[in-house]
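The values are calculated or read from the model by the stated rules, or taken from the named source; none is laboratory data. As the structure is a prediction and not an experimental result, all values here were calculated from the model. Reconstructed Cβ throughout: ideal geometry from the backbone, glycine too, with neighbour counts over all protein chains shown.
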Amino acid sequence: MSEHELWPAPYRGASAVSATVTIPGSKSVTNRALILAAQASGPSILRKPLVSRDSELMSDGLRALGIHISSDEDNLGERSWKVTPSALRGPARIDVGNAGTVMRFLPPLAALAHGDITFDGDSRAYERPIGPVIKALEELGIEIEHEGRYSLPMVVKATGKVPGGELTIDASKSSQFLSALLLVAPSMTSGIRVHHKGDAPPSMPHIDMTVQMLRDFGATVHVDKSSEIWTVEPGVLRAQDLTIEPDLSNASPFLSIAMVCGGTITIADWPKKTTQPGDQLREIFSAMGAHVEFTAAGLSLTGGESIHGIDIDLHDVGELTPSIAALAALADSPSSLRGIGHLRLHETDRLAALTREINGLGGNVVEEESALHITPAPLHGGVFHTYEDHRLATAGAVIGLATPDVQVENIATTRKTLPDFPGLWNSLVI
């Protein structure tokens, strides 16, 4: 569907479901693996990678820098990518779209190339914060043309090496600022020692993911969380044969089906141990009235008699907020979602957007600077706008399960992290 079409969200009501869902690979793991594989000593194999707009933008950016990425499918139809490193080259032009991982992770890597590397993207990308990454690279001696904006568009004047060393950075607006530097640190001449100074970084599990994946590729990483210092030693990364975990954050709307309609949804291949923030859905949805357990088929969620409201700090798992907000609007008691002010700087201002759209359907959401207070109210049909934000689109779909005549604007934006959300959703609820 085009971005201008309205998608009629399927209404199901209290009609129980029973289904097993295979969620595509994690965007966060896929894009980190691509950056690390591009620096490795030999070809890496990434199995079951996410194929979506964000991962395609990342792989296209790497190809522009001279990295060879080929795709293959086995007899079972499972996709794999072979990433073959090479000397990074320029000049090059890189389109980051509106992908936070691409706009923040690729510039430090591009600084290892030779020549001018131009970064541009969607208009919303110009508004999203990237300044701390630019300032950090400048402190490391990299010249970047940005006309004093410290934002996109920009040109990295790459000279083939990044000296590395000690840095202080404020990652309070996005954990990706810190991850961007850590991921490329093994290829810096002196490695890197980064001290975070500021409010606690949001989504600390994503920083933990970065550290673990660096170690999986053979990097030496030291973490002093009490002093908020991360040190990565210079060294050669080892090629890996890596299977990408399913994207657990993308599982949230699908698990929500059973919470709204009743019945059981099982997510296949849910890892028993993971650094993905989405793993916290097990506890959050249990607190909201569902029964969650590991089974032979994966992680199974069975809906309760009703959805309970919740008072919770989502600072470390902010990406789960839209789905939780949609459920809170359908709950049997009020909810408060706190610690999420950083979501104003994501694909859109998610707090303002969720407030506007839920209230536009008759809801009762009160917005604060870093919180949403949601009191359930009778909802009615209408257009649910998405602001080119994939998680707004899936939140609209969840509300539509229990509210007739909801139309989601630009459902195609879900392609950012889900190749065919409408097809998968319809197969489960129609």
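Under the condition of being in a helix (DSSP H, G or I) and in contact with a helix residue (DSSP H, G or I) (Cβ under 8 Å, 6 or more places away or on another chain), the residues counted in the stretch 393-421 number 15. Could you tell me whether the stretch 69-89 includes any residue that is modelled with pLDDT under 95, closer than 24 Å to residue 235 by Cα and in contact with a Leu (Cβ under 7 Å, 6 or more places away or on another chain)? There is at least one residue in the stretch 69-89 that is modelled with pLDDT under 95, closer than 24 Å to residue 235 by Cα and in contact with a Leu (Cβ under 7 Å, 6 or more places away or on another chain).
Does residue 274 qualify as being in the same structural domain as residue 395 (by TED's automatic domain parsing), among the hydroxyl-bearing types (Ser, Thr, Tyr), touching a residue at least 40 places away in the same chain (Cβ under 8 Å) and surrounded by fewer than 24 Cβ atoms within 10 Å (Cβ to Cβ)? Spelling it out, it is not the case that residue 274 is in the same structural domain as residue 395 (by TED's automatic domain parsing), among the hydroxyl-bearing types (Ser, Thr, Tyr), touching a residue at least 40 places away in the same chain (Cβ under 8 Å) and surrounded by fewer than 24 Cβ atoms within 10 Å (Cβ to Cβ).
So which residues in the stretch 32-81 are β-branched (Val, Ile, Thr) and closer than 16 Å to residue 108 by Cα, if there are any at all? I'd like the intermediate steps shown before the answer.
If we filter the stretch 32-81 for residues that are β-branched (Val, Ile, Thr), which is where we start, we get 35, 45, 51, 67, 69.
Once the filter is applied, which keeps residues that are β-branched (Val, Ile, Thr) and closer than 16 Å to residue 108 by Cα, the stretch 32-81 yields 35, 67.
Screening 347, 388 for residues that are in a loop (DSSP other than H, G, I, E, B), on the phi > 0 side of the Ramachandran plot and in contact with a Lys or Arg (Cβ under 8 Å, 6 or more places away or on another chain) leaves exactly one candidate, 388.
For residues that are among the basic types (Lys, Arg) and within 18 Å of residue 69 (Cα to Cα), scanning just the stretch 83-123, find the one that is surrounded by the fewest Cβ atoms within 10 Å (Cβ to Cβ).
Step one: of the stretch 83-123, the residues among the basic types (Lys, Arg) are 89, 93, 104.
Next, only the ones that are within 18 Å of residue 69 (Cα to Cα) stay: 89, 93.
Details: 89: 16, 93: 14.
Per the criteria, the residue is 93.
A single entry from 295, 302, 275 fulfils the requirement of being under 23 Å from the mean Cα position of the chain (by Cα) and not aliphatic (A, V, I, L, M): 275.
Could you please let me know if residue 237 is in the same structural domain as residue 15 (by TED's automatic domain parsing) and either free of Cβ contacts under 8 Å to residues at least 40 places away in the same chain or buried (at least 19 other Cβ atoms within 10 Å of the Cβ) (or both)? For residue 237, the condition - in the same structural domain as residue 15 (by TED's automatic domain parsing) and either free of Cβ contacts under 8 Å to residues at least 40 places away in the same chain or buried (at least 19 other Cβ atoms within 10 Å of the Cβ) (or both) - is not met.
Considering only residues that are over 10 Å from residue 107 (Cβ atoms) and either buried (at least 16 other Cβ atoms within 10 Å of the Cβ) or among the charged types (D, E, K, R) (or both), which ones fall in the stretch 141-151? Before you say what the answer is, go through the steps one by one.
Quick first cut of the stretch 141-151, residues over 10 Å from residue 107 (Cβ atoms) only: 141, 143, 145-151.
If the condition is that a residue be over 10 Å from residue 107 (Cβ atoms) and either buried (at least 16 other Cβ atoms within 10 Å of the Cβ) or among the charged types (D, E, K, R) (or both), then 143, 145, 146, 147, 149, 150, 151 are the ones that fit.
Candidates are the residues of the stretch 125-139 that are modelled with pLDDT under 95 and not in a helix (DSSP H, G or I); the one that is surrounded by the fewest Cβ atoms within 10 Å (Cβ to Cβ) is 129.
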